[in-house]
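Before any comments, here is the structure.
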Amino acid sequence: MQTWCILLAAGQGSRMGAHATKKQFLDWQNRPLYWHSVRTFSALPCIQGMVFVFPGQELQERKQELQKLFQLEQPGVPYLVTTGGTKRQESSWAGIQALPRECDMVLIHDAARPFVSPELIQEVFQALKQGAKAVVPGLKPTDTIKQQGTSTRTLSRESLYAVQTPQGFAREALQKSYNLAMSSGIEFTDDAAVMEENGYSVQFVPGRPENRKLTRPQDLELLQDPMEALLQSVCSSFGYDVHKYGPGRPLRLGGVPIPNAPDIQAHSDGDVLLHAIMDAILGCIGQGDIGTLFPDTDPDLEGANSALLLSEVLALAQKQDLKILHLDLTIVCQTPRLTPWRDQIKKNLCNLLCLESHQLGLKASTEEGLGFTGEKKGIKAMALLTAQRQPRPQDSASGACGIQDP
Ligand code: MG
């Protein structure tokens, strides 16, 4: 007794849209998608060999690829390669004809179902071994299903199954049924239907919700590892600003007026802390700095309230779905003493940025009398921002599976 797997990888993937690579050949974790099914099937002792059905126009390329992958991973099963047709039925037929004589049970699997589990394959195999001629994984629909005719009617969910692969068959019965089907000219949507047409009963084993078929472009998101997606969406950015002390404007930090402090020289209100924060946010969305966005040559910005400028920057960030996760701030100056104002500054920043207290760190330091801050010539602020970006559609497509755009 020998059981072989026919892996159908000849589909054109027309519902996938404009992707240049057919879905079964998309790169996932450095391997073509179909290879993930090869690993699952070949690791099972019940599988004695594999037949690959590839599109004719890519046959040579795919054969070479297979040869490399077999050398690299040594799946330990013999394999054969054949060319599929334009319809699924033709591809299955090609696969069946390529089976070696000693094979007497067949599992036919869609290469676009990379999440098939060893348990499901075993269950299909066991049912065949116990004498079933056709075995199909079926999932009961969870939605109510209606049929539209001259009037609509509600179908009983009890009797309905959404059908998956691998579908298992006794080889002889399958071959006979296909012989008849191919000469009848009738088109069938799955292999079990060919058996039904020839009077065989089909046995169901429970399908698996995770055994999804990748059909539409958005299904490719299924391939993305959640941790990888999270890491790709997190970004951090640094902001830095300095202002000189001198006759000019009263000192404000984080939107809070600081009395009895040196004046600040600035075109805007000179809020060094808000400026560092704005630069950090702009860094995360790849939009330059506040000097470009709000030039100090713009007469309208004379004495501008930096809290209002911040709201403009936040609006830009929101357009790119940037969500601030954390902000760590350090103000450096020899004078004034900031301890009395620290809580008020932090509270105001949390309000301006819609952050919780634990999401914002605020530190104040001196430089021990050194440098321009030590000489009380000015003040500086630094901001380290951590944020989460929603991946844009083109990011997620290329990031998820390394699709090469034409
Ligand atoms: Mg500034």
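Is it the case that some residue within the range 147-154 is under 23 Å from Glu197 (Cβ atoms) and touching a strand residue (DSSP E or B) at 6+ places or on another chain (Cβ under 7 Å)? So far as the range 147-154 goes, yes, one or more of its residues are under 23 Å from Glu197 (Cβ atoms) and touching a strand residue (DSSP E or B) at 6+ places or on another chain (Cβ under 7 Å).
Give the residue, chosen from Glu228, Glu172, Glu221, that is assigned to a helix (DSSP H, G or I) and within 18 Å of Leu107 (Cα to Cα). Give the steps one after another, and end with the answer.
Values: Glu228 fails: within 18 Å of Leu107 (Cα to Cα); Glu221 fails: within 18 Å of Leu107 (Cα to Cα).
On inspection, the qualifying residue turns out to be Glu172.
From the list Leu107, Leu120, exactly one residue is modelled with pLDDT of 95 or more, within 33 Å of the chain's Cα centre (by Cα) and in a helix (DSSP H, G or I). Which is it? Break it down stepwise before answering.
On the way: Leu107 fails: in a helix (DSSP H, G or I).
Within the list Leu107, Leu120, the selection yields Leu120.
Given the criteria surrounded by 19 or more Cβ atoms within 10 Å (Cβ to Cβ), β-branched (Val, Ile, Thr), within 39 Å of the chain's Cα centre (by Cα) and away from the ligand (no atom under 14 Å from the Cβ), does Ile285 qualify? For Ile285, the condition - surrounded by 19 or more Cβ atoms within 10 Å (Cβ to Cβ), β-branched (Val, Ile, Thr), within 39 Å of the chain's Cα centre (by Cα) and away from the ligand (no atom under 14 Å from the Cβ) - is met.
Could you pull out the residue among Gly254, Gly291, Gly207 that is within 14 Å of the ligand (Cβ to nearest atom), in contact with a Lys or Arg (Cβ under 9 Å, 6 or more places away or on another chain) and among the small types (Gly, Ala, Ser)? Explain how you work it out, then say what you get.
Details: Gly291 fails: in contact with a Lys or Arg (Cβ under 9 Å, 6 or more places away or on another chain); Gly207 fails: within 14 Å of the ligand (Cβ to nearest atom).
Residue meeting the stated conditions: Gly254.
Among residues of the range 233-244 that are closer than 11 Å to Cys284 by Cα, those with a beta-carbon under 6 Å from a residue that is part of a strand (DSSP E or B) and within 16 Å of the ligand (Cβ to nearest atom) at least six positions away or on a different chain give the pairs Gly239/Ala383.
Could you identify the single residue in Ala364, Ala261, Ala280, Ala317 that is within 14 Å of the ligand (Cβ to nearest atom) and in contact (Cβ under 8 Å) with a residue 24 or more places away in the chain? Write out each step before concluding.
Details: Ala364 fails: within 14 Å of the ligand (Cβ to nearest atom); Ala261 fails: within 14 Å of the ligand (Cβ to nearest atom); Ala317 fails: within 14 Å of the ligand (Cβ to nearest atom).
The match here is Ala280.
The values are calculated or read from the model by the stated rules, or taken from the named source; none is laboratory data. Just so it is clear, the structure is predicted and the values come from calculations on it, not from any experiment. Cβ atoms come from the backbone with ideal geometry, glycine included; neighbour counts cover every protein chain shown.
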